[in-house]
1. Condition test on residue 34, is it surrounded by 13 or more Cβ atoms within 10 Å (Cβ to Cβ), in the same structural domain as residue 194 (by TED's automatic domain parsing) and either touching a strand residue (DSSP E or B) at 6+ places or on another chain (Cβ under 7 Å) or over 30 Å from residue 180 (Cβ atoms) (or both)?
2. Please enumerate the residues belonging to the stretch 53-84 that are part of a loop (DSSP other than H, G, I, E, B) and either touching a residue at least 24 places away in the same chain (Cβ under 8 Å) or in contact with a helix residue (DSSP H, G or I) (Cβ under 7 Å, 6 or more places away or on another chain) (or both).
3. Report yes if residue 135 is closer than 19 Å to residue 108 by Cα and touching a residue at least 12 places away in the same chain (Cβ under 8 Å), otherwise no.
4. Any chance you could count how many residues in the stretch 35-50 are free of Cβ contacts under 8 Å to residues at least 40 places away in the same chain and within 27 Å of the chain's Cα centre (by Cα)?
5. From the residues in the stretch 14-31 that are without any contact (Cβ under 8 Å) to a residue 60 or more places away in the chain and in a loop (DSSP other than H, G, I, E, B), which one is surrounded by the fewest Cβ atoms within 10 Å (Cβ to Cβ)?
6. Going by the conditions given, is residue 129 within 28 Å of residue 34 (Cβ to Cβ), touching a residue at least 60 places away in the same chain (Cβ under 8 Å), in the same structural domain as residue 182 (by TED's automatic domain parsing) and surrounded by fewer than 19 Cβ atoms within 10 Å (Cβ to Cβ)?
């Protein structure tokens, strides 16, 4: 096996178009690339030079390298049968690609008018450039547990921060928090698992 030893563990890959592995490979071999037709990260073994730079660029370890044919088959089988990791990751998360259907900014005003029965509304504003890896992102269920009571979490897709004027958004993703359809506050920027406590404390301050 001379080349073509890269594997992608799609159980933990968030399949982001802005993949760091694609970025570094585009400067070297163009073996790892975004497949526009199938809307996913793709790999051409014939172009690969086995530099492993894409492996180093993946923060969650979804891009893997096998030095031998035997190791390649071993990793391939581990990916195929790793159902437990897939179940844990495929839940809605703050700052990650949406799993459930999201709404556009153009639909937001009408959507808000239809939410009379929901006490707390949590709106995550995002665009494709603000999406982060699933493995490092905070579970939406954990965020809802912080506010308690009758709450609803929805992702709202924007093209840029200029798409929404009130409140002024400085950074995406951002979280808007409404109570009885009144905006209580917002939190700008991405928070991962390491910053979860700070993020949750900010939410508590807003809803108290």
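1. It is false that residue 34 is surrounded by 13 or more Cβ atoms within 10 Å (Cβ to Cβ), in the same structural domain as residue 194 (by TED's automatic domain parsing) and either touching a strand residue (DSSP E or B) at 6+ places or on another chain (Cβ under 7 Å) or over 30 Å from residue 180 (Cβ atoms) (or both).
2. Residues satisfying the conditions are 58, 59, 60, 61, 62, 66, 67, 68, 82.
3. So residue 135 fails the test.
4. Here the count works out to 10.
5. Per the criteria, the residue is 27.
6. Here the answer is yes, as residue 129 does meet what is asked.
Per-residue answers, yes or no, for (1) outside the structural domain of residue 21 (by TED's automatic domain parsing); (2) surrounded by fewer than 12 Cβ atoms within 10 Å (Cβ to Cβ); (3) at pLDDT 95 or above; (4) touching a strand residue (DSSP E or B) at 6+ places or on another chain (Cβ under 6 Å):
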residue	(1), (2), (3), (4)
104	yes, no, no, yes
112	yes, no, no, no
118	yes, no, no, yes
148	yes, yes, no, no
154	yes, no, yes, yes
163	yes, no, no, no
167	yes, no, no, yes
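The values are calculated or read from the model by the stated rules, or taken from the named source; none is laboratory data. Model, not experiment: these values are computed from the prediction. Ideal geometry is used to build each Cβ from the backbone, glycine not excepted, and the neighbour counts take in all protein chains shown.
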